[in-house]
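Okay, so here's the structure we're looking at.
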Amino acid sequence: MPKVVLAIISYLLQTAMHNAWLLYRESMAAATLPLAHLQFIREVCKVYFARSQAKNAQVPLPVHNPKSLERRCSADIRFDGVGHYIERNATQIRCAVCHMKVYKTCSKCRVGLHLDCFAGFHTTA
């Protein structure tokens, strides 16, 4: 990116943070926890870092609707542990566990699965 664009983006972010700090000083929160400008910026950054780490955490998602999974793939096939391989699908389909779009499927079950969801789908009832 050109330096001019980075300078404009930096200026806009600094201006937004300064305006947010001015609004904070006028709020009731500043009466209970007064923060200097730099402390305010650090607190805002902490909140955004915590949110981004929570979104990026690899938390196994529960299977939302077991009945629909049973219709798509019987438990006998799903949990037999033989011949389940991940293969690429030509089109996007929904993951059976997290319901996000994916190009991968189980070769035996024929359901869409992410790499992170694959083991949980075949081991958790």
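Values computed for the structure shown
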item: Residues that are in a loop (DSSP other than H, G, I, E, B) and more than 21 Å from the chain's Cα centre (by Cα), drawn from region 111-125; result: Val111, Thr124, Ala125
item: Selected residue (only one of Gln53, Gln58, Gln14 is at pLDDT below 85 and farther than 26 Å from Lys108 by Cβ); result: Gln53
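The values are calculated or read from the model by the stated rules, or taken from the named source; none is laboratory data. Predicted model only: the values in this text are computed from it and were never measured. Every residue, glycine among them, receives a Cβ derived from its backbone with ideal geometry; neighbour counts consider all protein chains shown.
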